[in-house]
1. Hey, which of the helices (runs of 4 or more DSSP H) in region B:294-336, taking only ones fully inside, have at least 2 residues that are under 22 Å from the mean Cα position of the chain (by Cα) and in contact (Cβ under 8 Å) with a residue 60 or more places away in the chain?
2. What number of residues within region B:166-189 are out of contact with any strand residue (DSSP E or B) (no Cβ under 6 Å at 6 or more places or on another chain), surrounded by 23 or more Cβ atoms within 10 Å (Cβ to Cβ) and facing chain A (nearest Cβ under 9 Å)?
3. Tally up the residues in region A:77-99 that are more than 8 Å from every other protein chain (Cβ to nearest Cβ) and either in a loop (DSSP other than H, G, I, E, B) or in contact with a helix residue (DSSP H, G or I) (Cβ under 7 Å, 6 or more places away or on another chain) (or both), please.
4. If you scan region A:248-273, which residues turn out to be in a loop (DSSP other than H, G, I, E, B) and within 17 Å of residue A:302 (Cβ to Cβ)?
5. Here is a list: B:437, B:444, B:414. Which entry is out of contact with any strand residue (DSSP E or B) (no Cβ under 7 Å at 6 or more places or on another chain) and buried (at least 16 other Cβ atoms within 10 Å of the Cβ)?
6. Looking at region A:37-57 only, could you name the residues that are within 9 Å of chain B (Cβ to nearest Cβ) and either buried (at least 18 other Cβ atoms within 10 Å of the Cβ) or in a helix (DSSP H, G or I) (or both)?
7. Can you confirm whether residue A:61 is within 30 Å of residue A:166 (Cα to Cα) and free of Cβ contacts under 8 Å to residues at least 40 places away in the same chain?
8. Considering region B:135-163 alone, what residues qualify as being within 22 Å of residue B:234 (Cβ to Cβ), surrounded by fewer than 22 Cβ atoms within 10 Å (Cβ to Cβ) and more than 7 Å from chain A (Cβ to nearest Cβ)?
């Protein structure tokens, strides 16, 4: 075949160009659409409420993503500055994603719950009154605009958040009651930012603040409660692998990989306490041992639940029981 | 000569539209640069920073660059095929629709109607208009190529074809959305996939708007204005296919260290490094074309635009891939370094080539020399110095900012608050604004020079 003929046939050239650009496109964008790794879903990450959805749309309308990212990178200083790095499941409900590309201002992926609502009301109205050297512009008009909720139900339906129109109406009414109540903890600052005529209504700023308070909230709550709820659950059960020889053997492997450096060969003790004993520093019941391994203890014992998971923690506990017998 | 070009008025219309949107986009850019230092300039909702930034990027990408590309493409098509445009009436309609669409786009973005996906912010009704415009353009490009009288298609025409198909594919796929009203829609993709597809688009919008057609101009107007044939036809073939193949793999280098699957990031990094080769093939082709004739840098006012332009393209295509390296991305991404990088490409490479090509075209279709070579030289030096001041400053600023974000005390705590890193930027932002003003002055000279060349009556 004479390849030069390609440069005499424009339609063939166009077809060839489409074929050539399709390869990278298929591999890097089309195939990933169907991979579990690009669409992980976690029951701990909740969809947005009706009001958070509206707040998010104001964030989009004002182009906040042009100066603020919403993705914490897995780097020591990022985690120290913002909090835990971002996980794919956190964006599962995000259409569009709002990770951004530039940090003229700080990352916001973990801003939810970091400050009270009153902080945001003041900051959006006049950031320089709080931080004289910031270049965050004032957005006072957002508090002066009543929130338009005429499309909220349709938005929630389009986004597939799984609650119906009646629930949207209920959520909007409940939110209005909350932020307009005299007992609302940020009532004083809100009333300073909001014109008198709108103080009994939901403003765009109310919705925006609700959205900002959602960012990272579910992940933080999940991480805080994961250990707590596993420990609480363990308190009411016995080791499901108790007495199983196979589990003890697996536990031994886990022990060698994770515990031996501190607790010594066969739990003989090292910088960590001796484990081949019936007298344990933080209690020797199944539940107490589980709590020690899963959640860690003061004085240097780290939490192993995140990396091992419940079952393997129980197997480690089974092996510690086995060591007790050997140590006797 | 004049009998070959039959669509002069359309070419002129697009060229003048391009100059107009260039001025608009740069005024908005200057406003933004000033607002970085004086946030009090956030005067009203439609002047708010987050909205203006989008007007700036879209205005210059789709207003200035696309109009310039349309002008130069129609001109090159007629010359390289030795045939008139297949559908001149369609091209005329495209000119009108284009300007109406860009005006509506600007208004809608000022009004806050945007999807938030970078360079794809326009809401769905305007997306449809953009697709219609693109089909009109594609029909003329392909129609003229099919009906051409010149047997061989020169390399500029391949790049034009690549531009036509790539823009179509990436624009449509990234803008798929579900409308909830005339002015509001939600992306068809969620989370990680939305990010991955967005930056596949984002990177290839750069490839197919700021690279393929600009290379087409470079390969055509450099030989035309120097009278020298391009150094190697074979090298341009290799550069073309490997560039078109490699670009589509690299989008995720914008998503380094994010929740996008690591293998997609790493593949993007590998192909980013690979792209240095075909990019530099064009740079080398340009330099070798000048072999033995470098005196034209002094004697021919257009040559220095093309040579400096391709030099900035070369630097850009080294800098880009290095930024994809994870460790460097970890330091530089999200800092001012990245706007510094982007502006070398746009203010250096793209604008140098488009404005020089427009001088060439305007002189030809006016049937005489440009209004003032001296002013063209003033324009060149102002935009060169303005751009360097702008970009060098932002690179340094970005390195400083990245270092401040990563600095830790001996006890492991962070050395600087985020606000410290903002306060450290003000001197850099002031120099950047100064660079932008110099650059804008150069573009004003260019606009005057083009307007005067266009207005001059035909020589008898």
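The values are calculated or read from the model by the stated rules, or taken from the named source; none is laboratory data. If you're wondering where the values come from, they're calculated on a predicted model, not measured in any experiment. When we count neighbours, we look across all protein chains shown, and the Cβ atoms used for this are built from the backbone with ideal geometry, even at glycine.
1. B:303-324
2. 3
3. 3
4. Passing the criteria: A:259, A:264, A:270, A:271, A:272, A:273.
5. B:437
6. To start, the set of residues in region A:37-57 that are within 9 Å of chain B (Cβ to nearest Cβ) comprises A:37-40, A:57.
A:37, A:38, A:39, A:57, listed by residue number.
7. Details: within 30 Å of residue A:166 (Cα to Cα): yes; free of Cβ contacts under 8 Å to residues at least 40 places away in the same chain: yes.
Taking the combined requirement at face value, the residue satisfies it.
8. The answer is B:150, B:154.
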